[in-house]
Amino acid sequence: MDLARTDFYLDGRWVAASSGQTLAVGNPATEEVIATVPAGTAADVDRAVAAARAAFAGWAGTAPAERVACLDRLHAALSARADEIARTVALELGTPLKVATRVQVGLPLAVLRSYVELAARPPAPQTVGNSLVVREPVGVVGAITPWNYPLHQVVAKLAPALAAGCPVVLKPSELTPLVSYLLFEAIHDAGFPPGVVNLVTGTGPVVGEAIAAHPDVDMVSFTGSTATGRRISHLAADRIARVALELGGKSANVILDDADLATAVKVGVGNAFLNSGQTCTAWTRMLVHRDRYDEALALAAQAAAGYRLGDPFDPATRLGPLVSAAQRDRVRDHIAKGLADGGRLVAGGPDAAVPGRGFFVAPTVIADVDPDSALAQEEVFGPVLAVIPVDDDEHAVAVANNSRYGLAGAVWSADEERALRVARAMRTGAVDINGAPFNPLAPFGGYKQSGLGRELGSYGLDEFLQLKAIQR
Ligand code: NAD
């Protein structure tokens, strides 16, 4: 299979990159290089932004029914490639194929479907006194995305931006760019007008900064680390461009004393380890009432032992590798520091067996974690769960809120009113009670340093619209 790519998608066609430089794409399960993609330059970004700018008026003025038809055709073209996409994510990211099929492909298809439907029902102009209030597309959107959900994070920006009437220039993560090439093949098949959707691959400091700082980019929609989000905000602030930021998290899973403990711990461990823990919403801190603490630790250790590490293409594998050697080393350092800071190893850890090849870290559970310590405060982005005892509901809320992040969280209790009180007291963008399912129409985004703005559903669409008041 030749996965090497040499071109970008600009102005409705595949064109050669301006420089001959390339970036290697690896397979984290084998540590082999599997492809190269072009390393874009600021000149490539200029070309992409110029194409998007030229397409703006036409796309903004396109009738909603025509935009719906384009998005609908994209959904069909992506669905036809579902297996290839799942295999590509398994290859370049290491997500076990079964999980990749369900989450890495299933979720973005569901999100895209939701925007086909939302685009068909654009918000009607409102009359407020003598004013007609209309919503208009914000303009050219620069989208910069990370590697951990490489199709979902792109679709969560592209679909609402396109539905709103905004052309897009995408820079996917340099670690997982191959899935974006499949997406753009589908975009080409869907027949969007030239310039409406553009792809430039490359590094953050070169292509990412060129997009964020570009005078003709009206909005930057970013998902990634809080440090990069801060840098992008500074670049966009110079020209007062709009930003939407989906950043890191350190979410708390609060297990109250009347919870169904077996389910709460099993689902909690599963959530923390999904995608090898490389999930921004992962419930990485498990807060358990003291009366149930020892029981919960035994259940967590048992659950962790069930996560078989291995080849992402083996159906028996439940946990793949981390995305890169650097990421594996970072996670190992976090584990070592967590233990040095007084954490007690309950499962996994530095000496647990892992496959000889690939960037694996054993599923790890650490108990008695000090809520102020690095392991409880910093995003690890690996299969590492910190367990913290709490005295009562008030204490649980205080520990949950002891974080500079506020992206997601969970509460478990037999008493839904009690769970709701705790959920409302948590300073975070989302809380799931008793393992309630993910809702792709609900607003997704963070409080505090987890971000700005919301994705998904009508809330995600609003990010790409601006209000105009016409008085008469
Ligand atoms: P990252 O911030 O290093 O990179 C994200 C993207 O930004 C990549 O495309 C990268 O090339 C680009 N980038 C890097 N430096 C840049 C710069 N100076 N200017 C412009 N662009 C730049 O993050 P990552 O390591 O790819 O992803 C992991 C992080 O993303 C984690 O912290 C995780 O929590 C966060 N994340 C958040 C969400 C969310 O929705 N809140 C989702 C997924 C990941």
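The values are calculated or read from the model by the stated rules, or taken from the named source; none is laboratory data. What you see is a predicted model, and the numbers here were worked out from it, not measured in a lab. For neighbour counting, all protein chains shown are included, and Cβ atoms are generated from backbone atoms with ideal geometry for every residue, glycine included.
Is there a residue in the range 193-204 that is within 16 Å of the ligand (Cβ to nearest atom), on the phi > 0 side of the Ramachandran plot and buried (at least 24 other Cβ atoms within 10 Å of the Cβ)?
Scanning the range 193-204, I find at least one residue that is within 16 Å of the ligand (Cβ to nearest atom), on the phi > 0 side of the Ramachandran plot and buried (at least 24 other Cβ atoms within 10 Å of the Cβ), so the answer is yes.
Consider V411 against the criteria (1) β-branched (V, I, T); (2) within 13 Å of the ligand (Cβ to nearest atom); (3) in a strand (DSSP E or B): it satisfies all of them except one. Which criterion is unmet?
Of (1) β-branched (V, I, T); (2) within 13 Å of the ligand (Cβ to nearest atom); (3) in a strand (DSSP E or B), only one is false for V411: (2).
Look through A161, A124, A143, A119 and report the one residue that is crowded, with 21+ Cβ neighbours inside 10 Å, away from the ligand (no atom under 16 Å from the Cβ) and either within 21 Å of the chain's Cα centre (by Cα) or of a type in the set (A, V, I, L, M, F, W, C) (or both).
A119
Check A442, A425 and return the single one that is more than 26 Å from Q302 (Cβ to Cβ) and free of Cβ contacts under 8 Å to residues at least 24 places away in the same chain.
After ruling out the rest, the residue left standing is A442.
Only residues that are within 30 Å of L456 (Cα to Cα) and either of a type in the set (D, E) or away from the ligand (no atom under 16 Å from the Cβ) (or both): list them for the range 260-299, please.
T263, A264, V265, K266, V267, G268, V269, G270, M286, L287
All but one of (1) more than 10 Å from the ligand (Cβ to nearest atom); (2) touching a helix residue (DSSP H, G or I) at 6+ places or on another chain (Cβ under 6 Å); (3) not assigned by TED's automatic domain parsing to the domain that holds A305 hold for A213; state the number of the condition that does not hold.
Tallying (1) more than 10 Å from the ligand (Cβ to nearest atom); (2) touching a helix residue (DSSP H, G or I) at 6+ places or on another chain (Cβ under 6 Å); (3) not assigned by TED's automatic domain parsing to the domain that holds A305, A213 fails exactly one: (1).
Could you list all residues from the range 346-363 that are outside any loop (DSSP other than H, G, I, E, B) and within 23 Å of A90 (Cα to Cα)?
Within the range 346-363, no residue meets the criteria.
Filter the range 262-272 down to the residues that are in contact (Cβ under 8 Å) with a residue 60 or more places away in the chain and surrounded by fewer than 24 Cβ atoms within 10 Å (Cβ to Cβ), then identify the one that is farthest from the chain's Cα centre (by Cα). Spell out how you get there, then give the answer.
Keep residues of the range 262-272 that are in contact (Cβ under 8 Å) with a residue 60 or more places away in the chain, which gives 263-264, 267-269, 271-272.
After this cut, where a residue has to be surrounded by fewer than 24 Cβ atoms within 10 Å (Cβ to Cβ) as well, the list is 263, 267, 271.
Values: T263: 26, V267: 20, N271: 14 Å.
Looking at the filtered set, the residue picked out is T263.
Among the residues of the range 83-106 satisfying the criterion of being out of contact with any strand residue (DSSP E or B) (no Cβ under 9 Å at 6 or more places or on another chain) and among the charged types (D, E, K, R), which is farthest from V154 (Cα to Cα)?
K98
Test G129 against the criterion of being closer than 30 Å to A210 by Cα, more than 16 Å from the ligand (Cβ to nearest atom), small (G, A, S) and at pLDDT 95 or above, and give yes or no.
The answer is no for G129.
Do you know which residues across the range 166-192 are part of a loop (DSSP other than H, G, I, E, B) and within 16 Å of the ligand (Cβ to nearest atom)?
P172, S173, E174, L175, T176, P177
What single numbered condition from (1) over 19 Å from Y459 (Cβ atoms); (2) in contact with a helix residue (DSSP H, G or I) (Cβ under 7 Å, 6 or more places away or on another chain) fails to hold for V111?
(1)
Please indicate, with yes or no, whether at least one residue in the range 329-350 is within 16 Å of the ligand (Cβ to nearest atom), free of Cβ contacts under 8 Å to residues at least 12 places away in the same chain and in the same structural domain as G277 (by TED's automatic domain parsing).
Yes: the range 329-350 contains one or more residues that are within 16 Å of the ligand (Cβ to nearest atom), free of Cβ contacts under 8 Å to residues at least 12 places away in the same chain and in the same structural domain as G277 (by TED's automatic domain parsing).
When the residues of the range 414-472 are filtered to those that are within 16 Å of the ligand (Cβ to nearest atom) and in a helix (DSSP H, G or I), which remaining residue is nearest to A110 (Cα to Cα)?
It comes out as G457.
Out of all the residues in the range 397-417, which are buried (at least 24 other Cβ atoms within 10 Å of the Cβ) and of a type outside the set (S, T, Y)?
Of the residues in the range 397-417, the ones buried (at least 24 other Cβ atoms within 10 Å of the Cβ) are 400, 403, 405-413.
Of everything in the range 397-417, those that are buried (at least 24 other Cβ atoms within 10 Å of the Cβ) and of a type outside the set (S, T, Y) turn out to be A400, G406, L407, A408, G409, A410, V411, W412.
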